[in-house]
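As structure tokens, the structure follows; a few thoughts come after it.
The values are calculated or read from the model by the stated rules, or taken from the named source; none is laboratory data. Fair warning: this is a prediction, and the values are worked out from it, not measured in the lab. Cβ coordinates were reconstructed from backbone atoms using ideal geometry, including for glycine residues, and neighbour counts include every protein chain displayed.
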């Protein structure tokens, strides 16, 4: 991979991470709001928790990819 490709990949990955961080912050607040409102809407706990888990797993994977790209450039 050329240096230009590597730099482009790193910048694109950083953009994806920023967008996902924003989404993660929102889903975290949704989970928080749900917890504060319990027992109202208790039936949505699993759905919101799964979405929260999924987005944070994806974020962790992207951060690991970024770390590896930055180390290999």
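Observations on the structure shown:
- Restricting 46, 1 to residues that are at pLDDT 95 or above and exposed (fewer than 13 other Cβ atoms within 10 Å of the Cβ) narrows the list to 46.
- Of all the listed residues (40, 8, 52), the sole one being surrounded by 12 or more Cβ atoms within 10 Å (Cβ to Cβ) and free of Cβ contacts under 8 Å to residues at least 12 places away in the same chain is 8.
- Residue 61 assigned to a helix (DSSP H, G or I) and surrounded by 12 or more Cβ atoms within 10 Å (Cβ to Cβ): no
- Condition check for residue 71: surrounded by fewer than 10 Cβ atoms within 10 Å (Cβ to Cβ), in a helix (DSSP H, G or I) and either modelled with pLDDT under 95 or out of contact with any helix residue (DSSP H, G or I) (no Cβ under 9 Å at 6 or more places or on another chain) (or both): yes
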